[in-house]
1. Quick check on the exposure proxy: order VAL27, VAL66 from fewest to most C-beta atoms within 10 angstrom.
2. Could you calculate the contour length gain from THR50 to ALA64, that is, 0.36 nm times the residue separation minus the distance between their Cα atoms, to one decimal place in nm?
3. Using the basic label-point model (7 angstrom from Cα toward the beta carbon), what is the MET91 to VAL161 distance in nanometres?
4. Using the count of nearby Cβ atoms within 10 Å as a rough guide to exposure, how do ARG32, ARG175, ARG88, ARG137 rank from fewest to most?
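No lab work stands behind these numbers, since they all come straight from the coordinates. The model shown is predicted, which means the values in this text are computed figures rather than measured ones. Using ideal geometry, Cβ is built from the backbone for each residue, glycine included, and neighbour counts are taken over all protein chains shown.
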Amino acid sequence: MNLAAVAEAVSWSALLCSLAAAAVLSVLAFLRPHTVYLWYAAGTLGVALTAAAMLGEPSRLGFAPVITILGFTVAVFGGSPAAATALRLAMGSVAPGIHGGIIVTERPSADEQRQGVTTGARREVLRGGLTIGFLERIASAGAIIAGFPEALAIVVAVKGVGRFTELEAPEARERFIIGTFASLIWACGAALVVHLALR
């Protein structure tokens, strides 16, 4: 066995082990929200990305389905804890609304201000973010794995248009941008591992 074959075998072993570990840790971070799981998942995802970049040629052993499933698992389940962690680091904790959104206080109207009202009504915005995040990551990861990264623009545009009316409050805009970017970066990183491994 020559040195190149040994290096290739080591790269494939590192890729499979680290991607499997990242998948398990991503699911754990989703089911039992704890930042430690997410950081370990990010580390193992980084190892998988490095190993995938070092591969010389696609495997002849039929690893494609396993790598695709593991990559999708990492992308879809790890993106939610990644977004939550990024939001917590950037903005601190915000109490969620009944439907998973955030509570914002609207500015009082001109009539209300003339009547002496200083605070507006409270309402929940960005509802259903967990489900939208899952769909966003499935579409994003699928686009990259399929070799059509241009579809990311469509995903972001659809999400932005769908949320446009809820983004008038500054805290909603900030949470939308930070959460979307963290979720997309995570999903794209996991999908890139699959794309590099199967190219």
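1. Fewest to most other Cβ atoms nearby, the residues stand as VAL66, VAL27.
2. 3.3 nm is the gain from fully extending THR50 to ALA64.
3. Distance between the two pseudo-spin positions: 2.4 nm.
4. Least to most surrounded, the residues fall as ARG32, ARG88, ARG175, ARG137.
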